[in-house]
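The values are calculated or read from the model by the stated rules, or taken from the named source; none is laboratory data. What you see is a predicted model, and the numbers here were worked out from it, not measured in a lab. Note that each Cβ is placed from the backbone with ideal geometry, even for glycine, and that neighbours are counted across all protein chains shown.
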């Protein structure tokens, strides 16, 4: 019997080990190269891509939502000031359940809300004056809903007119078209 150093296999053992490990590796690679293996790999890749594509989009961060909503509100005010009713109303969700609370009660639907504002937009401007907002508070109330509290101010177009201002609380919903008002309570 031949004595071996404990850590040093003889060449025959090493060659045998190396050949066996190479055969195991080659068998695994060969399976992938076979039509069945490629189909399995292709199916796994397609399934992973499909799952990734169907996964819901990540909810916007509160900072992103706030920036987008405030930009939409500034654009709405610019539409008011330019006498462009469609641009002013773009921030509202086109949904029959969209609501607006007035001193006279609740109004539902974007078209009904637009009809309420339409008389102010006669003559290419806005007879009620220039609109601007001061944003007071913002919070997310879910991954697709946000609450904005602001103060609106209408500066009269004519000298000597009275400035009209008050609070507004707006509930926004994230849609494919962007953040849209679904509930408006302005005092």
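Structure notes:
- In segment 70-95, the residues that are touching a strand residue (DSSP E or B) at 6+ places or on another chain (Cβ under 7 Å) and assigned to a helix (DSSP H, G or I): 70, 72, 73, 77, 80, 81
- Residues located in segment 96-131, provided they are in contact (Cβ under 8 Å) with a residue 24 or more places away in the chain, surrounded by 14 or more Cβ atoms within 10 Å (Cβ to Cβ) and either assigned to a strand (DSSP E or B) or on the phi > 0 side of the Ramachandran plot (or both): 99, 100, 101, 129, 130, 131
- Filtered by the rule that a residue be at pLDDT 55 or above and either over 17 Å from the mean Cα position of the chain (by Cα) or part of a helix (DSSP H, G or I) (or both), segment 48-69 gives 48, 62, 63, 64, 65, 66, 67, 68, 69.
- Extreme residue, nearest to residue 78 (Cα to Cα), among residues of segment 132-160 that are within 15 Å of the chain's Cα centre (by Cα), in a strand (DSSP E or B) and in contact (Cβ under 8 Å) with a residue 40 or more places away in the chain: 146
- Residues that are over 23 Å from residue 103 (Cβ atoms) and either more than 18 Å from the chain's Cα centre (by Cα) or not in a strand (DSSP E or B) (or both), drawn from segment 161-187: 176, 177
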